[in-house]
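> Pasting a structure here, questions to come.
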Amino acid sequence: MEFSVKSGSPEKQRSACIVVGVFEPRRLSGVAEQLDQVSEGYLSNLLRRGDLEGKAGQMLLLHHVPNILSERVLLVGCGKERELDERQYKQIIEKTIHTLNETGSMEAVCFLSELHVKGRDTYWKVRQAVEAAQAGLYTFNQLKTRKEEPRRPLRKLVFNVPTRRELPLGERAIQHALAVSKGVTICRDVANMPPNICTPRYLAEQAEAMAANYDNLTFSAVEEKEMAELGMNAYLAVGRGSENESVLSLLHYQGAGDDVAPLVLVGKGLTFDAGGISIKPSANMDEMKYDMGGAASVLGAMQALAELQLPVNVIGAIAGCENMPDGKAYRPGDILTTMSGQTVEVINTDAEGRLVLCDTLTYVERFSPETVIDVATLTGACIIALGHHASALMSTHNPLAHELLNASEQSGDRAWRLPLWDEYQDALDSPFADMANLGGRDAGSIAAACFLSRFTKKYHWAHLDIAGTAWRSGAKKGATGRPVPMLTQFLINRTATGQQD
Ligand code: BES
Ligand code: MN
Ligand code: ZN
């Protein structure tokens with residue numbers, strides 16, 4: 001879909017549809033008021049007759065409004081004016097896009113970007129609207145033989161901003177939103193792909209294909225043979241029960257000079273997590289195809305980064321692997337020597353993510369990174385703690401934690417910090433090895449992060465547990481594309497092309 005911004009008055013628009021807000025109870029927004037005057041009270045008459053209360057999300061589509069050049073006017077209920085917050089704004093936009101898509105307007109001029117949302121500027125409103133529009137149009141139907149598409153889908157959406165002065169802000173918002181949306185889309189596509197197709201090799205192919213599209217993106221891969229030479233025994237152990245070979249894919253993005261230390265994004269890429277010998281119960285086991293959501297989000301963030309051509313150096317590491325039970329599979333009781341030299345007693349083969357990640361975190365030391373952020377669907381405990389609204393953030397470096405929390409707040413892709421105090425480390429004690437691969441039942445997400453922290457001493461490090469946020473269950477199940485918006489915002493903020501200039 002195509003997006004643009006302009007600054008004009010509603011009655012002068014000649015479009016298939018113009019979209020304006022109505023507040024509760026039955027109060028026209030400023031823009032709707034203008035239309036009302038031109039149409040000699042047509043809108044206020046409707047409201048008086050009770051056709052629209054103005055409750056958030058209500059829609060009323062009007063045709064041939066007198067003296068209005070546009071074919072249609074879509075009145076959108078925005079709730080009580082003083083209560084319009086971020087969440088409501090996004091919901092209203094989503095509903096609007098849905099309605100436009102269903103009612104035949106192939107283009108529209110939207111004035112909802114002029115609504116007052118507490119604490120948010122034009123940049124934010126346009127950016128969120130474009131992202132919501134793109135997300136709302138997403139479908140994953142490659143594998144359906146009959147694809148249902150809207151007959152006359154929305155093709156072009158223009159956002160109106162109050163003053164010409166704000167046009168550059170709006171344009172930048174669209175540019176950023178489109179890059180984020182592209183990243184979110186690839187993340188969702190790859191994560192939704194079933195595990196018989198989306199194998200570690202498939203992840204590598206996706207990364208390679210992406211690199212082929214951009215000059216400053218290059219691809220390389222670490223195969224099992226090289227992993228063995230490097231002593232990445234924890235990573236290899238997890239994949240041993242699978243017929244699909246493990247592959248660590250690397251995407252190198254160079255946007256700054258050679259002398260600038262890179263930032264590394266590491267993604268857990270378990271293309272299927274059956275639990276291994278500590279096999280999972282069968283209910284909802286299909287959802288363990290999303291156990292590569294971290295890897296998918298790294299792919300997505302690299303895509304957004306390459307689109308934006310930001311002046312930073314970033315390496316994306318996609319730790320592809322499959323955890324299956326088999327005669328060759330690793331077992332509870334095994335003691336593994338990690339690439340770092342530290343030994344790990346395996347208590348449960350279902351705590352595999354940390355084993356794949358620990359060797360990857362050691363591997364990336366060779367890039368002398370300034371900062372490493374890993375993203376992983378690491379623990380079910382994370383869903384118990386935070387549900388599906390926030391990703392869990394854990395970090396040993398306060399400034400980095402704050403940077404990520406800011407980015408999450410700005411992008412609306414929320415994260416919440418959990419502590420990583422030394423006291424929690426004791427849970428990992430093992431009588432036979434340097435550590436066990438899990439603690440007890442307590443604070444499972446923190447214990448997992450504590451485990452990882454032992455492999456991250458050479459750089460600033462943060463960990464995002466996205467077990468609750470990477471996908472939705474239930475009737476509308478599917479990948480969400482999170483935390484691509486947060487990661488992309490984090491990268492944008494690290495450059496001089498931040499939103500305000
Ligand atoms: N991939 C799972 C975590 C997970 C569970 C993500 C549910 C999303 C939804 C991870 O590999 C796992 O199995 N973790 C175990 C750890 C336990 C054995 C210490 C868990 O959370 O139960
Ligand atoms: Mn597991
Ligand atoms: Zn897992």
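> Here's a check for you: in the range 320-338, which residue that is buried (at least 21 other Cβ atoms within 10 Å of the Cβ) and farther than 14 Å from Phe272 by Cβ is nearest to ligand 1 (Cβ to nearest atom)?
Selected residue: Tyr330.
> In the range 374-394, is there at least one residue being more than 16 Å from ligand 3 (Cβ to nearest atom) and of a type in the set (S, T, N, Q)?
So far as the range 374-394 goes, no, none of its residues is more than 16 Å from ligand 3 (Cβ to nearest atom) and of a type in the set (S, T, N, Q).
> Among the residues of the range 178-200, is any of a type in the set (Lys, Arg) and surrounded by fewer than 19 Cβ atoms within 10 Å (Cβ to Cβ)?
Within the range 178-200, not a single residue is of a type in the set (Lys, Arg) and surrounded by fewer than 19 Cβ atoms within 10 Å (Cβ to Cβ).
Yes/no matrix, rows are residues, columns are (1) in a loop (DSSP other than H, G, I, E, B); (2) in contact (Cβ under 8 Å) with a residue 24 or more places away in the chain; (3) within 15 Å of ligand 2 (Cβ to nearest atom):
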| site | (1), (2), (3) |
| --- | --- |
| Lys225 | no, no, no |
| Glu245 | yes, yes, no |
| His252 | no, yes, no |
| Val260 | yes, yes, no |
| Lys289 | no, yes, yes |
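> (1) surrounded by fewer than 22 Cβ atoms within 10 Å (Cβ to Cβ); (2) in a strand (DSSP E or B): which one isn't true of Arg366, the others all being true?
Arg366 satisfies every listed condition except (2).
> State all residues of the range 347-359 that are touching a Phe, Trp or Tyr at 6+ places or on another chain (Cβ under 7 Å) and more than 12 Å from ligand 2 (Cβ to nearest atom); if no residue qualifies, say none.
Cys358, Asp359
> State which residue is nearest to Trp461 (Cα to Cα) when the search covers only the range 262-279 and only residues that are part of a strand (DSSP E or B) and within 12 Å of ligand 3 (Cβ to nearest atom).
Taking the candidates together, the pick is Lys268.
> Same structure again: Can you find, within the range 1-48, the residue that is surrounded by the fewest Cβ atoms within 10 Å (Cβ to Cβ) among those that are under 31 Å from the mean Cα position of the chain (by Cα) and hydroxyl-bearing (Ser, Thr, Tyr)?
In this case the residue turns out to be Ser4.
> Is there any pair with a first residue in the range 305-324 that is free of Cβ contacts under 8 Å to residues at least 24 places away in the same chain and charged (D, E, K, R) and a second that is part of a loop (DSSP other than H, G, I, E, B) and away from ligand 1 (no atom under 16 Å from the Cβ) whose Cβ atoms are under 6 Å apart and which are 6 or more apart or on different chains, and what are they?
none
> What are the residues in the range 264-319 that are under 24 Å from Ser220 (Cα atoms), within 12 Å of ligand 1 (Cβ to nearest atom) and of a type in the set (Val, Ile, Thr), if any?
Answer for the range 264-319, where residues must be under 24 Å from Ser220 (Cα atoms), within 12 Å of ligand 1 (Cβ to nearest atom) and of a type in the set (Val, Ile, Thr): just Thr271.
Throughout, read-outs are computed from the coordinates displayed, never taken from laboratory work. Small disclaimer: the values here were computed from a predicted structure and weren't measured. Positions of Cβ are backbone-derived with ideal geometry, glycine not excepted, and every protein chain shown enters the neighbour counts.
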